[in-house]
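Have a look at the structure below, then the notes.
The values are calculated or read from the model by the stated rules, or taken from the named source; none is laboratory data. Since this is a predicted model, take the numbers as computed values, not measurements. Counting neighbours? That spans all protein chains shown, and the Cβs are built from the backbone with ideal geometry, glycine included. All accessible areas refer to the heavy atoms of the entire protein, side chains included, with ligands and DNA or RNA removed. Shrake-Rupley method; radii C 1.70, N 1.55, O 1.52, S 1.80 Å.
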Amino acid sequence: MNADTPFSANQDVLVDANIFYAIGDPSNSQYRRFRSVVQSAGVVCKLPQRVIGELGGPETDRVRTALDEGWATIIDVPSPTDGDAVAASDIAKRTIANETDQPEHEVEKTDAILAGLAIQYVRDRSTAGVIVLTDDKPAKKGIENAVRAQGYTDTIAVHGLEDIIGDDSGDSMRLI
């Protein structure tokens, strides 16, 4: 477990589907470490409806366990009403499209929405800060670019799973 977790109880934590794919099901050691870090920090991971859909619905073991234990909750993503949030989603989408050499209209919507949602949470909820968790490198770069362009680097951070639970090579499959 990483003692230097970026989590604090007064922050909102928005989670992309790839984090839940990476930690696996509740019997996986990465799942258990992630749950422990989240619970120790006193945060509740916010899973947008679109993320839940990507994970196969709220009844999958990994999601149901997190919801039942209270360290995750499903959120409805409001229509972006804040100009900065809309601009952030557009910046993220453009960045992701450039990083992946695909047309903007083909970029995964959830990845771009997370950038705008983070800004909207800071503005609407007066939260101390927002952490966006994603292991998708183009999405991470897109969200970071959007946050920087909109001037929210002091209140929004983007992290990957390794930042939360560290790197334990014993959890990984090794190719020889």
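Does any residue of the range 45-68 turn out to be at pLDDT 95 or above, within 13 Å of the chain's Cα centre (by Cα), small (Gly, Ala, Ser) and farther than 23 Å from Asn145 by Cβ? No, the conditions are met nowhere in the range 45-68.
Only one of Ala72, Ala17, Ala92 is in contact (Cβ under 8 Å) with a residue 40 or more places away in the chain, within 13 Å of the chain's Cα centre (by Cα) and under 24 Å from Lys141 (Cα atoms); which? Going through Ala72, Ala17, Ala92 in turn, the sole match is Ala17.
Pull up the range 143-159, narrow it to residues that are polar (S, T, N, Q) and part of a loop (DSSP other than H, G, I, E, B), then point me to the one that is nearest to Arg125 (Cα to Cα).
Residues of the range 143-159 polar (S, T, N, Q): 145, 150, 153, 155.
Okay, now just the ones that are also part of a loop (DSSP other than H, G, I, E, B), so 153, 155.
On the way: Thr153: 17, Thr155: 12 Å.
That would be Thr155.
Mind listing whichever residues of the range 42-66 are open to solvent by 20 Å² or more (accessible area, probe 1.4 Å) and touching a residue at least 24 places away in the same chain (Cβ under 8 Å)? Once the filter is applied, which keeps residues that are open to solvent by 20 Å² or more (accessible area, probe 1.4 Å) and touching a residue at least 24 places away in the same chain (Cβ under 8 Å), the range 42-66 yields Gly42, Val44, Lys46, Gln49, Arg50, Glu54, Asp61, Arg62, Thr65.
Only a single item in (1) open to solvent by less than 20 Å² (accessible area, probe 1.4 Å); (2) touching a strand residue (DSSP E or B) at 6+ places or on another chain (Cβ under 8 Å) is not met by Ala92, and it is number (2). Here is a check on your reading of the model: is Ala112 small (Gly, Ala, Ser), under 24 Å from Ile164 (Cα atoms), touching a Ser or Thr at 6+ places or on another chain (Cβ under 7 Å) and surrounded by 15 or more Cβ atoms within 10 Å (Cβ to Cβ)? Yes, satisfied.
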